[in-house]
Amino acid sequence: MNQIEVITVFLEEGYQISPNAVELICCHCNPHSLMDRILKNMDPSVLVVDVEHINGLIEENSSQEKSAILEKKSLHDNGHIIPKTVTLKSSAVKFNTSENPVDILMDITDNSTCVGEYMEFVQFFRNRYSRLSEMIRNRLNSRPIESLNKYRNKSSGRREGMDKDMNEVSIIGMISGLKSTSNGHKMIELEDTTGSISVLVRMADKELFELASRFVLDEVVGITGALTNDGKLLIAKKITIPDLPNTLGERKRSYGKAVLTSDVHIGSSTFLEDEWYRFIDFLKGDTDNEAMAELSKEVRYLVVAGDLVDGVGIYPGQEMELKIQDVYQQYKKAAEYFSEIPRHITVIISPGNHDAVRQAEPQPMLPEIIRADFSDNVTFVGNPSVVDLDGVKLMIYHGRSIDDLVASIPGVSYHEPTKAMVEMMKRRHLSPIYGSRVSIAPEKQDHFVIGQVPDILHCGHVHTVGVDWYKNVLLVNSGTWQSQTEFQKRVNVVPTPAQVPVVDLSTLKTTILKFAE
Ligand code: D5M
Ligand code: FE
Ligand code: ZN
């Protein structure tokens with residue numbers, strides 16, 4: 001059995017798998033039965049299957065074989081054995097930043113399979129539904145919508161199989177319709193893989209109504225309620241959302257700092273070069289301010305969450321505001337700026353909607369022709385992606401979906417971008433609304449599902465800085481290096497440029513450095 005076959009089996013079951021785990025399975029005397037055992041025992045909330053999930057499932061007589069494999073692996077692991085998209089162990093030799101490891105846990109790069117066929121969309125939404133509904137199912141004893149059919153068109157009275165005093169049923173579905181009734185109640189169409197049903201949330205049920213007013217299309221929710229006598233309508237009594245757990249186990253922490261930034265927009269005439277150079281000077285430790293110099297010494301990582309350059313043809317009239325008209329020249333300039341960053345800092349660059357990759361998300365990393373100009377302390381990843389920075393899990397997403405969330409959820413605005421990020425966390429999904437501003441490529445897996453809970457969610461796109469916590473997750477929107485464009489004036493975007501969140505990797509405390517004069 002070869003490695004690609006193993007990876008495919010796990011991907012089809014909704015899991016990614018680490019290179020060590022793949023190798024362990026491939027070298028097993030009976031990989032098929034081992035995989036069966038792993039899948040049977042797998043906790044569905046796990047995103048990446050690793051050796052630790054397999055260890056207990058290998059028979060005694062193959063444990064020697066297991067350690068031999070791992071030993072061999074550690075000798076030749078240079079990060080090129082398995083496609084980067086599955087998990088890339090950064091190599092000390094390649095990146096020359098051995099103290100700043102970067103493990104890529106989730107990334108579409110080199111892993112895209114979709115061509116946009118109908119069945120791919122079906123599979124994509126099934127993957128979303130199964131993973132999100134599973135998170136709710138842990139807390140809700142639900143039934144398939146189809147099973148409610150037996151109550152439909154039955155005369156009133158207590159129904160067989162239902163809770164005796166409440167007549168309660170619970171279902172988990174994806175929201176396929178949302179409207180207000182003429183009396184102001186909320187009417188929600190809920191769909192699972194077996195059928196659909198209408199759910200009514202009454203205005204009088206204030207708390208529920210408040211929750212339902214924030215529902216968006218295509219999110220997955222659990223509803224507990226009572227069926228009407230004809231069995232056609234469910235009156236909601238309780239809403240359960242995927243959400244983050246209230247407590248998480250002990251989290252690993254690291255040391256040093258990660259500098260988070262985004263929306264550099266190199267090539268735009270509104271790119272703030274002077275401020276940017278002040279920032280580069282800070283990274284070089286070239287500052288008279290002692291505290292800043294001390295802080296600078298601690299920087300291990302710099303992460304860019306998209307819109308590295310301004311690109312071309314992105315918004316109407318953009319050509320009037322470009323200093324560099326050619327997109328490749330914009331990247332050449334970017335590479336020049338980044339070459340000034342000290343080599344001991346590991347840089348991670350993920351693309352956004354202004355970058356030269358496909359617009360449909362998930363987006364792969366920038367192409368080789370662009371990457372080639374950057375020095376070897378730069379690691380490129382796709383959008384979104386999850387990276388492990390020496391034990392701290394960072395989810396990077398440019399944040400295009402924030403446009404949709406601002407438009408759909410009351411109280412969510414561009415001025416407080418972390419509020420939109422809280423909405424993502426509650427839904428355990430980075431881009432819940434399908435078919436609006438974010439165009440989504442129907443990959444086999446929904447890469448926007450927030451499976452394993454990260455330590456940090458880092459977004460950009462909205463050009464305003466924000467730092468907040470939601471439960472145990474640090475939410476950071478890292479602002480921009482571009483002052484207000486004519487286009488942004490027209491759409492009333494008021495940026496907070498040249499401000500940079502710096503996260504302490506041991507406490508996750510965040511400081512915002514300001515480089516504007
Ligand atoms: O997005 C920069 C900011 O501009 C971000 O807050 C979204 C906003 N934006 C972008 N396009 C539009 C449209 N068409 N209407 C309203 N607001 C918009 P960037 O990705 O850097 O261009
Ligand atoms: Fe931007
Ligand atoms: Zn953007």
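Residue 294 falls short on exactly one of the conditions (1) in contact (Cβ under 8 Å) with a residue 12 or more places away in the chain; (2) surrounded by fewer than 16 Cβ atoms within 10 Å (Cβ to Cβ), and that condition is (1). One residue alone among 506, 478, 483 is among the small types (Gly, Ala, Ser), more than 15 Å from ligand 2 (Cβ to nearest atom) and over 30 Å from residue 9 (Cα atoms), and that residue is 506. Counting residues in segment 443-464 that are open to solvent by 10 Å² or more (accessible area, probe 1.4 Å), farther than 18 Å from residue 242 by Cβ and away from ligand 1 (no atom under 16 Å from the Cβ) gives one or more. On the stretch given as segment 246-264, residues that are in a loop (DSSP other than H, G, I, E, B) and open to solvent by less than 50 Å² (accessible area, probe 1.4 Å) total 5.
Would you please name the residue that is farthest from residue 349 (Cα to Cα), looking only at residues in segment 465-475 that are more than 16 Å from ligand 2 (Cβ to nearest atom) and surrounded by 19 or more Cβ atoms within 10 Å (Cβ to Cβ)?
Among those residues, the one meeting the criterion is 473.
Determine whether segment 322-340 contains at least one residue that is within 16 Å of ligand 3 (Cβ to nearest atom), touching a helix residue (DSSP H, G or I) at 6+ places or on another chain (Cβ under 8 Å), open to solvent by 10 Å² or more (accessible area, probe 1.4 Å) and outside any strand (DSSP E or B). No, segment 322-340 contains no residue that is within 16 Å of ligand 3 (Cβ to nearest atom), touching a helix residue (DSSP H, G or I) at 6+ places or on another chain (Cβ under 8 Å), open to solvent by 10 Å² or more (accessible area, probe 1.4 Å) and outside any strand (DSSP E or B). If you go through segment 179-195 and keep only what is under 25 Å from residue 401 (Cβ atoms) and buried (at least 16 other Cβ atoms within 10 Å of the Cβ), you end up with 186, 188, 189, 190, 191, 192.
Within segment 297-325, which residues are under 30 Å from residue 255 (Cα atoms) and either without any contact (Cβ under 8 Å) to a residue 12 or more places away in the chain or among the β-branched types (Val, Ile, Thr) (or both)?
First, pick out the residues of segment 297-325 that are under 30 Å from residue 255 (Cα atoms): 297-308.
Residues satisfying the conditions are 299, 303, 304.
Here the condition is being aliphatic (A, V, I, L, M) and either within 20 Å of residue 428 (Cα to Cα) or at pLDDT 95 or above (or both); of 178, 227, it holds for 178 alone.
Within segment 407-442, take every residue that is surrounded by fewer than 23 Cβ atoms within 10 Å (Cβ to Cβ) and among the small types (Gly, Ala, Ser) and give me the one that is farthest from ligand 3 (Cβ to nearest atom). Per the stated criteria, the residue is 411.
The values are calculated or read from the model by the stated rules, or taken from the named source; none is laboratory data. Note that this is a predicted model, so its numbers are computed, not measured. Positions of Cβ are generated from backbone atoms using ideal geometry, with glycine treated the same way; all protein chains shown enter the neighbour counts. SASA here: full protein model, heavy atoms, side chains in, ligands and nucleic acids out. Shrake-Rupley method; radii C 1.70, N 1.55, O 1.52, S 1.80 Å.
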